[in-house]
Each structure stands twice: as C-alpha cells, then as structure tokens.
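See structure below.
The values are calculated or read from the model by the stated rules, or taken from the named source; none is laboratory data. If you're wondering where the values come from, they're calculated on a predicted model, not measured in any experiment. Here the Cβ positions follow ideal geometry from the backbone for every residue, glycine too, while neighbour counts run over all protein chains shown. Areas reflect the complete protein model, heavy atoms only, side chains present, ligands, DNA and RNA absent. Shrake-Rupley method; radii C 1.70, N 1.55, O 1.52, S 1.80 Å.
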Amino acid sequence: MKYKNIIYIFLFAITIKIVYIFTAVLILKNAIDYSSFNTFIGDIFFRWDSHKYYSLIINGYPHSSPEILAEKDHIWAFFPLYPGIISVLMKVFSLSFNTAAFFWSLVSSLAAFLGIYLFCNIYFNNTKKSLFITILFLFLPFSYYFSAFLTESTFLLLLIFSFISIYKKKYFIFSILSSLLVLVRANGMLSVFILFLFFLENKGIISGYFRFNFSINKELVIKSLFFIPPVLVFLCYCLYQYYMTGDFFAFSTVQKAWGRTGGIPHDFIIFRIPLAILSLFLFVYFLNVKKNQLSFTLLILLNLLLPISTGTFGSIPRYSCTLFPLYIIVGNAVNNTKIKWLIVALTFSIQIYYYILWLKLSFVTA
C-alpha cells in the first residue's frame, strides 16, 4: 500500500503539470512559440526571477562594491546552487536552459512531494492520512511555484529531507543536505537554525514552547557537530561575496536596490487576498498544532517575517509554499472533516486562478 500511494502521488503531480501546460496554451495562445520544445516550455515557465538565474549561468556573479550593490547589482540577491544545478545539466546533457530547468523542476518537485509523504508517514504513522495530506499539498493555492524555473522545489526538497534525516538519525546525510540548503536561498541558514531546534526536540532537550531540559551528554555534543558543515559553507559563501563585492552580506545589501527597506508598501492592497488565504491557514494551524512543536512554529513565523520585514509582500506566496509544517498540520485537520475533498477542489480552483495570473505576469504572484 505504501508504494501504491507513492505511485498515486506521482500520477497526481504529473497530471497537474499537464494541466498547467494545457492551461497555458489556452490562456497565452499566440504568445507561445511552438517551433521547439525549448521555446514552448520556456514561454510557459520562464518567468520573473528565471531571467536572473539564466543571467547567472551565462555571466556569473559580477565584481562590485558596497556602494554599487545598493544601486543596481540585483544579481547578488540570488544564491548559487539552483543555477549551478541547471548549468551542470546543460553541460552534461547538452541541454538548453529551458529544457534543463524543466527537467530539474520535474525531478526535484516529484522528489519533494515524496518527501512530504514520507515525513507525514513518520509524523502521523498513518499511510492513508499521509496520502491525503500530500494530495492536498499538491493542490494548495501556490503550489504551482514548484513547476516554475525557480528555487522552490529545490529548497523544499532539501528542507524536507533534512527534517527526515534528523528523524531517522542519518546525521551525515543531514550535514550534506543542509550544506546545500544554505546555498539555495537567503533563508537557508535560518532553516538550519530551525532544524537544530527540531534536533533538540527529538533529543528531549526541548519539550514545549518554553520547557527546556539542559542535560547535555557526550552523544548530544557529537551529534551536534553535524550542524557545523552548513554553517561553514554559509561562511565560505559570505567570504566569497566579500572577495567579489567588499560586502560579506551582499545578498542582503542588494535588497536596497529594489527599495526593500521594511514597512508596509503603498500597494499593499494588491496582496490582500493571498495574505487572507495564508492567514486562514495560519488560524487553522494554531488551533491544531501540538504544543511541543516549537521548531514547526518558528519555521513558519520566521520565514514569513523575512518578506514582511522588507516590505516584499509579493514574495509571501513563494516563501509560504515551502513551509510544509503549516500545511501538514492544516491537512491533518482537513482530513478529519466530511468535506475534505470539497476543500481540495476549492484550493485547486484557487491555485489555477493564481497560476493564470502568474502566466499573465501579475505582480501579485511574482
């Protein structure tokens, strides 16, 4: 039954991706070039930050200075792992950017969805419930980002299997996954901190939001050493940024070039519906989350605080779609209702609506 569920998940995921393509054909019509697979798939999924990743592959990171960073060097806001993976695929298999990015989005998203199912199986110890939660995750309002030429599927893949590695006590594997995680997005290092809290929860050091057991033993110290590699990798990347720009935190400094200095933007009103949807999920989450899941709650709140603190509300749908603890807790609550499949249908309808806006380059789904 477990393997049959995995097949179901893959079939659902591939079917949804086919729906994305047919929807794009209907919506974009003559805006799509059908002369080759490369141009066809690119006209659908090559959007927004995909241009920046393509530029990184072609041109690399530029030398700069702290003064120029705050004016125009936006490219330093983008971390190197995703374009590095696409570049390797392009060279090894002689692929174009669009074809390599599409192939990677397919593989990484399917693997990430498998990770959601495996994590739910560990957490709930119920294959039927885990299958439903994973299907709901596929149909969530902003899950179309996992099929785009962006970092969401890569980030979720490394994040979810980092959690699973801690659950399974595979700390060497964890050190590799987490070291890659910090090179995907700016919140990768923050996620490693959350993973350390999750590790302490599983060791009984943290047993609630405010209950701590400070009994430290030799085994705990040794296992904690596996959290050093991602920190070192992140520090090395910061040193590289300093060498290239004179700024250890160039990825943060360039936010000023977009006017991201905090506060509520003047066009906040255009994000009201995505924020309302997310607020509803958060409401259900806090009604159902266990009191001993400090790591889950901090992962959600701190990762949402990043775009909010810089006034980039348009990034919230993208940031929120990888926060799997939010959706597995909500999914568990939905699974206990009699209208769970109606809710799945509703969330998928919302997803297609926002996917169409994304196809049309609406700023609310950047």
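Odds and ends about this structure:
- Pairs exceeding 29 Å between alpha-carbon atoms, taken from Lys168/Lys218; Lys4/Lys291; Lys128/Lys168: Lys4/Lys291.
- Leading residue at positive end of dipole, the range 124-265 (Cβ point charges), from Phe214, Gly188, Phe137: Phe214
- Tyr355 accessible area, assembled protein chains, probe 1.4 Å, Å²: 0
- When the chain is treated as a GNM with alpha-carbon contacts under 10 Å, the residue of Phe214, Phe22, Phe174 showing the greatest mean-square fluctuation is Phe214.
- Rg over Rh for the chain works out to 0.95, using Cα positions for both radii and the Kirkwood form for Rh.
- Size check on the range 106-265: the Cα extents along the three principal axes, sorted descending, read 49, 44, 32 Å.
- Centre separation in Å (Cα based) which lies between the range 123-179 and the range 81-108: 20
- Distance between modelled label sites at Asn217 and Cys238, nm, 7 Å Cα→Cβ extension: 3.3
- Legend: residues Asp33, Asp49, sorted from most to least accessible area (1.4 Å probe; ligands, DNA and RNA excluded), read Asp33, Asp49.
- Across all directions, the average flat footprint of the convex hull enclosing the Cα atoms of the range 172-213 is 3.3 nm².
- The residue among Ala31, Phe103, Pro83 whose Cα reaches farthest toward the positive pole of the charge dipole of the range 1-128, with charges on the beta-carbon of Lys, Arg, Asp and Glu, is Phe103.
- Set of the range 323-345 residues, backbone N closer than 15 Å to the point 7 Å along the Cα-Cβ line of Phe124: 324-344
- Within the straight-line cut-off of under 15 Å between alpha carbons, the aspartates and glutamates reachable from Lys170 are Glu219, sequence neighbours fewer than 8 places apart in one chain being disregarded.
- For the range 61-163, GluC sites (Glu not before Pro) meeting the loop criterion (DSSP other than H, G, I, E, B) and having at most 13 other Cβ atoms within 10 Å: Glu71.
- Under 5 Å between amide hydrogens, built in the peptide plane, is the criterion, and for Ile206 it picks out Glu201, Asn213 among residues at least 5 positions away or on other chains.
- Förster-model FRET efficiency, 35 Å R0, Lys91 and Ile228, C-beta, rounded to 0.05: 0.65
- Of Cys236, Cys120, the order by accessible heavy-atom surface (1.4 Å probe, DNA, RNA and ligands excluded), from most exposed downward, is Cys236, Cys120.
- ³J(HN,Hα), Karplus 6.51/-1.76/1.60, whole Hz, each residue of the range 101-107, x for Gly, Pro: 5, 5, 4, 5, 4, 5, 5
- Ignoring lysines fewer than eight residues from Lys91 along the same chain, the ones with Cα atoms less than 29 angstrom from its Cα are Lys17, Lys52.
- Cβ charges +1 (Lys, Arg) and -1 (Asp, Glu), total dipole of the range 1-141, debye: 740
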